[in-house]
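> My structure is below; once you've seen it, I'll send some questions.
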Amino acid sequence: MCDRPPVPRRSPRATPREVVSKVLYLRQNYHFGPGKIRDYLRRFHGIALATATVHRILQRHGMARLPANQKHRQHTKRWKRYEKQQPGHRLQMDVKFLERIPGTQKRLYQFTAIDDCTRIRVLKIYDACNQATAIRFADEVIRRLPFRIHVVQTDNGAEFQSKFHWHLGELGIRHVYIRPRTPRLNGKVERSHRADNQEFYQLLDQKGISDDIRLFNAKLREWEDYYNFHRPHGSLSGQTPYERLLEKSKAKRRAKLSPRS
């Protein structure tokens, strides 16, 4: 006599194989955690899974641990996350240095602006990193964002010095610098650059794109639209930046209409 297998013959409540394959695909290709995988399945596939269920699926297939370069790193000193309550009250701005174009000495630069409240971003690639370029980018950000900007926060880079500073002042926008050697104070824009690496650049076929800055910007604009209008954010409880903007706008209108006590 031999023992029967410990697993049941039928599991009518088991997660379907096609759902499991979607979970594993998001983990393997995007390195998403259980919470973000849950949000993506709900938003894009109409599949409702608990975070614990996603975690068990990853454990079962030996994918519970992220690659070493994706793991959370402990900090000796934790800092408190903050966020402005109204869109435009503070904008974080920074520059991402892209890899050199193979076979040339040419380098491209991604200028990034992110709203502290809604996480809405504006992105653009330039072939120079100086104050003139930063001023052009700031003008584009002002033109494209659907709300007024009150404060722009940057690091102490050469591209954000006096000409850039006074240009914003002439537009009625306050410009503030973070403390030297404290990139965590620009944490939202720094974190968004990590998302660019993981979800855009590592999946982008750059052949023929790097040499054509217009085509490169067109691809980047597609990613920007996806980031702002479709990508769920863990820091926004699964909302997209645009959904957070609508929520804040509705709350502001309700506050104006409500009778004052």
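The values are calculated or read from the model by the stated rules, or taken from the named source; none is laboratory data. Just so we're clear, the structure is a prediction, and the values are computed from it rather than from any experiment. Heads up, the Cβs are rebuilt from the backbone with ideal geometry, glycines too, and the neighbour counts pull from every protein chain shown.
> State yes or no: is Gln161 farther than 24 Å from Asn29 by Cβ, of a type outside the set (Asp, Glu) and at pLDDT 95 or above? Quick ask: steps written out before the conclusion?
Details: farther than 24 Å from Asn29 by Cβ: yes; of a type outside the set (Asp, Glu): yes; at pLDDT 95 or above: yes.
It is true that Gln161 is farther than 24 Å from Asn29 by Cβ, of a type outside the set (Asp, Glu) and at pLDDT 95 or above.
> Is it the case that the stretch 124-142 has a residue that's closer than 23 Å to Lys248 by Cα and of a type in the set (Lys, Arg)?
no
Per-residue answers, yes or no, for (1) crowded, with 20+ Cβ neighbours inside 10 Å; (2) in contact with a strand residue (DSSP E or B) (Cβ under 7 Å, 6 or more places away or on another chain); (3) not aromatic (Phe, Trp, Tyr):
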site	(1), (2), (3)
Thr104	no, no, yes
Phe137	yes, yes, no
Ile178	no, yes, yes
Pro183	no, no, yes
Arg194	no, no, yes
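> Does Arg231 satisfy the condition of being free of Cβ contacts under 8 Å to residues at least 60 places away in the same chain, in a loop (DSSP other than H, G, I, E, B) and under 21 Å from Thr118 (Cβ atoms)?
Working: free of Cβ contacts under 8 Å to residues at least 60 places away in the same chain: yes; in a loop (DSSP other than H, G, I, E, B): yes; under 21 Å from Thr118 (Cβ atoms): yes.
Yes, satisfied.
> Within the set of pairs 6+ apart or on separate chains, which have a first residue in the stretch 38-55 that is under 15 Å from Glu18 (Cα atoms), a second that is of a type in the set (D, E, K, R), and C-beta atoms under 8 Å apart?
So the pair list comes out as Leu41/Lys22; His45/Lys22; Ile47/Lys22; Ala48/Arg42; Leu49/Arg38; Leu49/Arg42; Val54/Arg38.
> Checking the condition exposed (fewer than 15 other Cβ atoms within 10 Å of the Cβ), of a type in the set (S, T, N, Q) and either out of contact with any helix residue (DSSP H, G or I) (no Cβ under 7 Å at 6 or more places or on another chain) or assigned by TED's automatic domain parsing to the domain that holds His165 (or both), which residue from Ser237, Ser249 passes? Quick ask: steps written out before the conclusion?
Details: Ser249 fails: exposed (fewer than 15 other Cβ atoms within 10 Å of the Cβ).
Of Ser237, Ser249, the one residue that is exposed (fewer than 15 other Cβ atoms within 10 Å of the Cβ), of a type in the set (S, T, N, Q) and either out of contact with any helix residue (DSSP H, G or I) (no Cβ under 7 Å at 6 or more places or on another chain) or assigned by TED's automatic domain parsing to the domain that holds His165 (or both) is Ser237.
> Restrict the check to the stretch 31-39 and report whether at least one residue is of a type in the set (A, V, I, L, M) and surrounded by fewer than 10 Cβ atoms within 10 Å (Cβ to Cβ).
So the first thing to find is which residues in the stretch 31-39 are of a type in the set (A, V, I, L, M), and the list is 37.
With surrounded by fewer than 10 Cβ atoms within 10 Å (Cβ to Cβ) added as a condition, the list becomes none.
Among the residues of the stretch 31-39, not one is of a type in the set (A, V, I, L, M) and surrounded by fewer than 10 Cβ atoms within 10 Å (Cβ to Cβ), which makes the answer no.
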